[in-house]
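The structure appears below as structure tokens.
The values are calculated or read from the model by the stated rules, or taken from the named source; none is laboratory data. Because the structure is predicted, anything quoted here is derived from the model rather than measured. Cβ placement follows ideal geometry from the backbone for every residue including glycine, while neighbour counts extend to all protein chains displayed.
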Amino acid sequence: MSITVDNRRDKRAEYRAMFKANVRGRLWVDKIMVGVILTCALIAITPLMWILFELFVQGGQALSWEFLTQEPGAIGQGTIAIGPAIQGTLIIIGLSCIIGLPIGIMSGVYLSEFGGNWLATQIRFFLDVFMQFPSIVLGVFAFLAIVLVLGHFSLWAGAVALSLIMFPIVARSTEEALKMVPWSIREAGAALGLRKWIVTLRIIIPGAKKGILTGALLSISRVGGETAPLIMTVLGSSVFFQGLDSPMDALPLRIWRMSLLPYDDARLAGWGAALVLVLVILAIHVGVRYFFLNRDNGKGIIAKLLNGGKRN
Amino acid sequence: MVKVELPSPKFGRGPLSDKIFKIAATVAGVYVLAMILIIFLQLTTESLPVWEEEGLGFITGTDWNAVEGRESFGVLPYIIGTLLTSAIAMIIGVPLAIGIAMFVIIAPKKIGNPLGYLVELIEAVPSVVFGLWGLFIFRPIFVDWFERPLYETFGDSIFLFGSAPFGLDVLSASIILAIMIIPTISAISREVMMAVPQQQKEAAYMLGSTTWEMFRIAVFPYSKAGLMGASILGLGRAVGETMAVTMLIGNATGIGAIPETLFDPAQTMASIMANEFIEASPASIHLPALIGVGLVLLGISIAINMTAHFLVRRMIRVREGAINN
């Protein structure tokens, strides 16, 4: 009798030791790995936060009404300003929207309304590939196709280069948005005797307005920060708008040029321009999320930010 | 839902307006294919002079001389520079990016969601701003606290640290690149890991696994291809990245652009184009040479992205199959 009890006790102690050895090791591994993940997250997030912090501290010093509205004077003379750069960025974005949005939306329409075939599969694939083209190569293309042909740097060339970056993004997001519109609505339109293009333009596209707008705004925020393709297309200048055929300044271009100069003035101007650019782009991003993605379950902007990672 | 093919509103041939609409949409859809073709043709024809002059030596050559009469161009140093900076950036960036994606998944929602959103926001910061920060804030600190101590301690024994650091070099450019590709990679890998069915994770937990074991046995096997694809997309971005690298890599040319240590200045394919394109005269062979660099860069970047695309697509197919079963 006592032997079996002892036996059982021994067995229990043995199992307990095995269990402890097993679990303790695993718990240690778990703790270490969670620690590593946490460290990775911290290391990764630090420079990102640091950039935003420096941007506001350094850029904030440069901001003033004159800085934002006047033409830059001679470097080192004390007048630093980015008026033409802001104007140029807005004009270039506008022009590239005029070229890029219709093409992007129409090819989204093609993919969603007519796209069950082999051609559409290929187009989808190559849109994804095209989206990842190095932007400087698109700049080189615009240079060869427009600047060399016309013989001078121009806003048009820059806008064409940027529209090439823009339209694949718009096309893919338009396709996704149009696919969200229920098929029965198309059938209802057809049942009313409407032609397909009327159904698409007057019923389907308004129904997918949110998604299309989101894609368009995100593509604008992407394009607004592009520098490389602008170097060889719009070149940069220090005066206000002279006409669509002449060189023009843009914010990213000005930031780059300023960073190459050895003056404190120029450096400050670079930070100021960077702050303006980032504020515009972040405003577009936050605005998109606030107005188009989370508007329905509204609890104020903080709640929106907290729900940020959620996909509806 | 069953898709019903809509009959044309009229019998027989559809109305003309519908045909025009369909043709317009098709033209817009084919635009991308036409553009890719035109870009390739144009880059090839415009860079033809340099291919004729140098032959395959254009890819394997190391000279870069734009002086009239002594022109000689070879892109090998820039290919090396591009691949080296991208590789270092991947080594640093991928573990950090996947770490941040895992953290967003396991953290409580109140921390995880805003963090995920913040990372997405930072993806929107233009690369020239990263360059500005790298040049004026990061470089002085990095040289004083990291590169110089390394050089003084290991400079003689390890060849990687064998030259006096100045801050405009391979290592600092690679680190800025790593910071820039982290948001791209971590956003996609988070999506991919979230796509792992909840049942899989719950099953792993139910078998008594810890958080890390759950990742190891349930999440990673499932999302392997997707994580690979995300990393390769990050690589694609690193290869094509221009401005931040141009500002930090030191812009050496010719044979001097082949870095012997991590603290040597170098040059990438994108940065040489950004630096010299405006000064190159269309009359000489300099401009065709730069366009040739663009063609090589485009080829490398397309190869990378197609690989990534196929990997991600395979992953998505696996996921759909799992949901259907």
Within the range B:137-162, residues being in contact (Cβ under 8 Å) with a residue 40 or more places away in the chain and surrounded by fewer than 18 Cβ atoms within 10 Å (Cβ to Cβ) number 3
Counting only helices (runs of 4 or more DSSP H) entirely within the range B:160-220, those with at least 3 residues that are facing chain A (nearest Cβ under 10 Å) and either β-branched (Val, Ile, Thr) or within 22 Å of B:Thr268 (Cα to Cα) (or both) are B:170-194
(1) within 13 Å of chain B (Cβ to nearest Cβ); (2) among the β-branched types (Val, Ile, Thr); (3) closer than 30 Å to B:Val119 by Cα all hold for A:Val109 apart from (3)
Restricted to the range B:157-200 and to residues being of a type in the set (S, T, N, Q) and within 26 Å of B:Met247 (Cβ to Cβ), the residue nearest to the chain's Cα centre (by Cα) is B:Thr184
Note: among A:Ile37, A:Ile98, just one is hydrophobic (A, V, I, L, M, F, W, C), over 30 Å from B:Phe215 (Cα atoms) and part of a helix (DSSP H, G or I), namely A:Ile98
Query raised in the report: B:Leu132: touching a residue at least 24 places away in the same chain (Cβ under 8 Å), in contact with a Leu (Cβ under 8 Å, 6 or more places away or on another chain) and closer than 24 Å to B:Pro259 by Cα, yes or no?
Result: no
| message | Residue under question is A:Gly104, and the condition is that it be in a helix (DSSP H, G or I) and closer than 29 Å to A:Ile255 by Cβ; does it hold? | response | yes
B:Pro9: passes all of (1) at pLDDT below 85; (2) surrounded by 17 or more Cβ atoms within 10 Å (Cβ to Cβ); (3) more than 14 Å from chain A (Cβ to nearest Cβ) but (3)
A:Pro206 fails exactly one of (1) facing chain B (nearest Cβ under 10 Å); (2) free of Cβ contacts under 8 Å to residues at least 12 places away in the same chain, namely (1)
Those residues of the range A:79-92 which are in a helix (DSSP H, G or I), out of contact with any Ser or Thr (no Cβ under 8 Å at 6 or more places or on another chain) and surrounded by fewer than 22 Cβ atoms within 10 Å (Cβ to Cβ) amount to A:Ile86, A:Gln87, A:Leu90, A:Ile91
Condition set more than 10 Å from chain A (Cβ to nearest Cβ) and either in contact (Cβ under 8 Å) with a residue 60 or more places away in the chain or under 19 Å from B:Leu76 (Cβ atoms) (or both), scope the range B:280-295, selection surrounded by the most Cβ atoms within 10 Å (Cβ to Cβ): answer is B:Ala289
When restricted to B:Ala66, B:Ala97, the only residue surrounded by 18 or more Cβ atoms within 10 Å (Cβ to Cβ), touching a residue at least 12 places away in the same chain (Cβ under 8 Å) and within 19 Å of B:Leu171 (Cα to Cα) is B:Ala97
Among residues of the range A:144-162 being part of a loop (DSSP other than H, G, I, E, B) and within 13 Å of chain B (Cβ to nearest Cβ), the residue surrounded by the most Cβ atoms within 10 Å (Cβ to Cβ) is A:Phe153
Exception for B:Ser186 within (1) surrounded by fewer than 19 Cβ atoms within 10 Å (Cβ to Cβ); (2) under 30 Å from B:Met102 (Cβ atoms) falls at (1)
Checked the range B:241-279 for anything touching a Ser or Thr at 6+ places or on another chain (Cβ under 6 Å), outside any loop (DSSP other than H, G, I, E, B), within 14 Å of chain A (Cβ to nearest Cβ) and β-branched (Val, Ile, Thr); matches are B:Val245, B:Thr246
### Query
Does B:Met228 fit the bill of being within 29 Å of A:Asp128 (Cα to Cα), at pLDDT below 90, assigned by TED's automatic domain parsing to the domain that holds B:Val104 and buried (at least 21 other Cβ atoms within 10 Å of the Cβ)?
no
When the range B:124-136 is checked residue by residue, the ones that are buried (at least 18 other Cβ atoms within 10 Å of the Cβ) and in a helix (DSSP H, G or I) are B:Ser127, B:Val128, B:Val129, B:Phe130, B:Gly131, B:Leu132, B:Trp133, B:Gly134, B:Leu135
Among (1) over 20 Å from A:Ser219 (Cβ atoms); (2) at pLDDT below 90; (3) assigned to a helix (DSSP H, G or I), A:Asp128 falls short only on (1)
Practice prompt. Say whether the condition of being assigned to a loop (DSSP other than H, G, I, E, B) and on the phi > 0 side of the Ramachandran plot is met by at least one residue in the range A:108-119.
Written response: no
Evaluate the range A:167-181: report whether one residue or more is surrounded by fewer than 22 Cβ atoms within 10 Å (Cβ to Cβ), touching a residue at least 12 places away in the same chain (Cβ under 8 Å) and in a loop (DSSP other than H, G, I, E, B).
yes
Within the range A:231-259, residues being in contact with a Gly (Cβ under 9 Å, 6 or more places away or on another chain), free of Cβ contacts under 8 Å to residues at least 60 places away in the same chain and on the phi < 0 side of the Ramachandran plot number 5
Scanning the range B:54-108 residue by residue, those touching a strand residue (DSSP E or B) at 6+ places or on another chain (Cβ under 8 Å) and in a helix (DSSP H, G or I) turn out to be B:Glu54, B:Phe58, B:Pro77
Filtering the range A:226-248 for residues that are part of a loop (DSSP other than H, G, I, E, B) and surrounded by fewer than 24 Cβ atoms within 10 Å (Cβ to Cβ) leaves a count of 12
Contact list, first residue from the range A:16-44 and of a type in the set (S, T, N, Q), second anywhere and buried (at least 16 other Cβ atoms within 10 Å of the Cβ) and assigned to a helix (DSSP H, G or I), beta-carbon distance below 9 Å, six or more apart or interchain, is A:Thr39/B:Gly99
Out of (1) more than 9 Å from chain A (Cβ to nearest Cβ); (2) among the hydroxyl-bearing types (Ser, Thr, Tyr); (3) touching a helix residue (DSSP H, G or I) at 6+ places or on another chain (Cβ under 6 Å), the one B:Ser157 does not meet is (3)
